[in-house]
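Asks: Structure in structure tokens, see below.
The values are calculated or read from the model by the stated rules, or taken from the named source; none is laboratory data. The model shown is predicted, which means the values in this text are computed figures rather than measured ones. Reconstructed Cβ throughout: ideal geometry from the backbone, glycine too, with neighbour counts over all protein chains shown. Only protein heavy atoms, including side chains, enter the accessible area calculation; ligands, DNA and RNA are left aside. Shrake-Rupley method; radii C 1.70, N 1.55, O 1.52, S 1.80 Å.
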Amino acid sequence: MNGVLAAATALSRSQLVLRAIIFVAPIVAVLAAGPAGRWPTWWVAVGIVVLSGAFAALPESPVGAGVLLAVLAWWAGALDDGLHPAVLVAATALLVAHVAAVLAGYGPGEMPLDPALVRLWVRRGAVLLLGVPLVWGLALLLDGEPEQPGIWVVGVGAGLVATVAAAVALTAGSPREDLP
């Protein structure tokens, strides 16, 4: 236990804040299913807490993907209606956990984060977050409609176009590292 405490006290204040966010966000995401009608069982809650703790301790490890996928699996299996407004809370919490983990992965834990780097990643996360209510609203509009032929192809195409547009927008004007 002393080793964990010593490791935590060696972290910079910004790293401690990020690690707290990384720990809490997946728990919030799983608990958001409660208002939608399905509280997690005790073993799911304990599993998410343990995985979140490991994710906070090792933000660059594969356990982060594991906890985020575990939350997604809980949402996929727990609710009959995936369009409850609580899904917006869960999606936001997962995105916040991911952005916090990306930031925590920059430099050693003892080094404070550069405010410009934090602003950059918060802006990127905010841009992604804008899509959450848009996709949710589109799903609400299409709920109950018969499935149109080719709708999945259109969805994948739209996702690809959005990804390329975001990549171009976020990298435009940034210096290239491969040039002298």
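Asks: Anything in the stretch 35-65 that is over 16 Å from Leu94 (Cβ atoms), modelled with pLDDT under 90 and not hydrophobic (A, V, I, L, M, F, W, C)? List them, or say none.
Replies: Scanning the stretch 35-65 gives Pro35, Gly37, Arg38, Thr41.
Asks: Tally time: how many residues in the stretch 22-41 are aliphatic (A, V, I, L, M), under 15 Å from Ala100 (Cα atoms) and open to solvent by 70 Å² or more (accessible area, probe 1.4 Å)? Show your work before the answer.
Replies: Going through the stretch 22-41, the residues aliphatic (A, V, I, L, M) turn out to be 22, 24-25, 27-33, 36.
Keeping just the survivors that are under 15 Å from Ala100 (Cα atoms) gives 22, 24-25, 27-29.
When the remaining residues are screened for being open to solvent by 70 Å² or more (accessible area, probe 1.4 Å), the result is 24.
Summing the residues that are aliphatic (A, V, I, L, M), under 15 Å from Ala100 (Cα atoms) and open to solvent by 70 Å² or more (accessible area, probe 1.4 Å) in the stretch 22-41 gives 1.
Asks: Here are some conditions: (1) more than 17 Å from the chain's Cα centre (by Cα); (2) farther than 30 Å from Ala57 by Cα; (3) open to solvent by less than 80 Å² (accessible area, probe 1.4 Å). Trp136 meets all but one. Which one does it not meet?
Replies: The one condition Trp136 does not meet is (1).
Asks: Can I ask one more? Is it the case that Arg119 is open to solvent by 80 Å² or more (accessible area, probe 1.4 Å), basic (Lys, Arg) and closer than 29 Å to Leu11 by Cα?
Replies: Judged against the criteria, Arg119 is a match.
Asks: Next up: Between Val156, Val161, Val122, which is free of Cβ contacts under 8 Å to residues at least 40 places away in the same chain and either among the aromatic types (Phe, Trp, Tyr) or farther than 30 Å from Leu51 by Cβ (or both)?
Replies: Matching residue, one of Val156, Val161, Val122: Val161.
Asks: Among the residues of the stretch 137-154, write down those that are in a helix (DSSP H, G or I), farther than 16 Å from Gly82 by Cβ and of a type outside the set (Val, Ile, Thr).
Replies: Trp152
Asks: Quick check, is Leu68 more than 16 Å from the chain's Cα centre (by Cα), within 15 Å of Val99 (Cα to Cα) and at pLDDT 90 or above?
Replies: No.
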